[in-house]
Amino acid sequence: MTQTTVLTEEARPAAPRRSRRPRGAAAMAMLYLLPALAVFGVFMFWPLVKSIIISMQGTDIIGRPGGFVGLEHYRHMFSDPAFAKVIGVTAGFTLLTVLPSILIALAIALLLQERIRGLRFFRSAFALPFAFSVATASVIFGVLYNPASGVINGLLSYVGIGPFGWLTDPDMALISVSLATVWMQLGYNLLILSAGLGAMPEDVLEAARLDGATGLRLQRSVVIPLITPQLFFLIVTGTIHSLQSFGQIYILTKGGPENNTTTLVYSIYEQAFAYNNSNFGYASAQAMVLLLVVLVITAIQFGVLERRVFYR
């Protein structure tokens, strides 16, 4: 005979009560978020929506919005050989600035990890470009690149080379602006990589040395994998920064010579503001293309490069 035990209501274990938020918690959270949402809406979301609208409108000679033209600006843009050249210049400028600035900063950061005399001085000297604004650095490089009285041509003349038209030669202008940009980005990249190297666990490095990893093998197999988060961050942000570069191009070359330094951002400026232009519709269409390019490249970088990042 089976004996059945019936639990009385008092003997049953009490069900856990769901923690309820105070009634005003959600409203209070939204209240705290309102300033940030307002700033985002006014200065980011609404300008984006407005740019999309303007890119589908015509404009008169003084820039007032006209009738709806649909995708006419986009059709004209993608059929224009000048715009194809702008895209090529933008791609070349990005390739010439992002990877070189990161690789040079990485090499310097690894050298600065060694115990040498005057280490603090060298760290400060190499990080100095970070203290210069784009305008200041561009003016300095404008003086250095001057074909008549520039320091670079003056030094090269002692060995019988030059003079070169660094900013006036169509074949050299983009490289010259890219070199100036690499120098401008070097200090920031160096600070990020130095911070990553300084945060590496010493026990891992010591274990690698005990296993026989020294020199280049230690750097390639242990050190660089440990700073892949910093390298990935610099690749993503450096690409976006190069795609949006404007100041050094405006000060050094103004898009010339022969539009060989006219990037997409500078082309947007030319269509909207330069030479009394007010073609805001076409400029907004180019801005939408720039936004799409940034989003696509960033998505590819996250989809491909992030898989190789070692998060410890």
(message) Looking at 110, 103, can you tell me which residue is more than 30 Å from residue 275 (Cβ to Cβ), assigned to a helix (DSSP H, G or I) and touching a residue at least 12 places away in the same chain (Cβ under 8 Å)?
(response) 110
(request) Tally the residues that are in contact with a Phe, Trp or Tyr (Cβ under 9 Å, 6 or more places away or on another chain) and either under 18 Å from residue 172 (Cα atoms) or free of Cβ contacts under 8 Å to residues at least 60 places away in the same chain (or both), restricting the search to region 133-150. (result) 8
(request) For region 280-293, name all the residues that are of a type in the set (Val, Ile, Thr) and open to solvent by less than 20 Å² (accessible area, probe 1.4 Å). (result) 289
(request) Mind listing whichever residues of region 144-176 are outside any helix (DSSP H, G or I), within 30 Å of residue 87 (Cα to Cα) and of a type in the set (A, V, I, L, M, F, W, C)? (result) 164, 166, 167, 172
(request) Please state which one of 249, 268, 297 is of a type in the set (A, V, I, L, M, F, W, C), part of a helix (DSSP H, G or I), open to solvent by 20 Å² or more (accessible area, probe 1.4 Å) and in contact (Cβ under 8 Å) with a residue 24 or more places away in the chain. (result) 297
(message) With open to solvent by 20 Å² or more (accessible area, probe 1.4 Å) and in contact (Cβ under 8 Å) with a residue 60 or more places away in the chain as the only criterion, which of 260, 276 stands out?
(response) 260
(message) Suppose we keep only residues that are touching a Leu at 6+ places or on another chain (Cβ under 7 Å), hydrophobic (A, V, I, L, M, F, W, C) and under 12 Å from residue 109 (Cβ atoms) within region 161-199. Which one would you say is surrounded by the most Cβ atoms within 10 Å (Cβ to Cβ)?
(response) 193
(message) Looking at region 200-235 only, could you name the residues that are open to solvent by 60 Å² or more (accessible area, probe 1.4 Å), not in a helix (DSSP H, G or I) and not charged (D, E, K, R)?
(response) 214
(request) Could you check, for region 49-61, whether at least one of its residues is of a type in the set (Lys, Arg), at pLDDT 90 or above and either more than 30 Å from residue 186 (Cα to Cα) or in contact with a His (Cβ under 8 Å, 6 or more places away or on another chain) (or both)? (result) yes
(request) Please determine, by comparing only the residues of region 300-312 that are of a type in the set (A, V, I, L, M, F, W, C) and either buried (at least 20 other Cβ atoms within 10 Å of the Cβ) or in a loop (DSSP other than H, G, I, E, B) (or both), which one is modelled with the highest pLDDT. (result) 305
(request) Determine the pairs where a residue that is more than 12 Å from residue 253 (Cα to Cα), located within region 167-189, has a partner that is open to solvent by less than 10 Å² (accessible area, probe 1.4 Å) and among the hydroxyl-bearing types (Ser, Thr, Tyr) with Cβ atoms under 6 Å apart, the partner being 6 or more residues away or on another chain. (result) 181/97; 182/97; 182/101; 185/101; 186/101; 189/101
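The values are calculated or read from the model by the stated rules, or taken from the named source; none is laboratory data. Only a predicted model underlies this, so the values are computations on that prediction, with no experimental measurement involved. Counting neighbours? That spans all protein chains shown, and the Cβs are built from the backbone with ideal geometry, glycine included. Side chains are part of the model used for accessible areas, which takes the heavy atoms of the whole protein and leaves out ligands, DNA and RNA. Shrake-Rupley method; radii C 1.70, N 1.55, O 1.52, S 1.80 Å.
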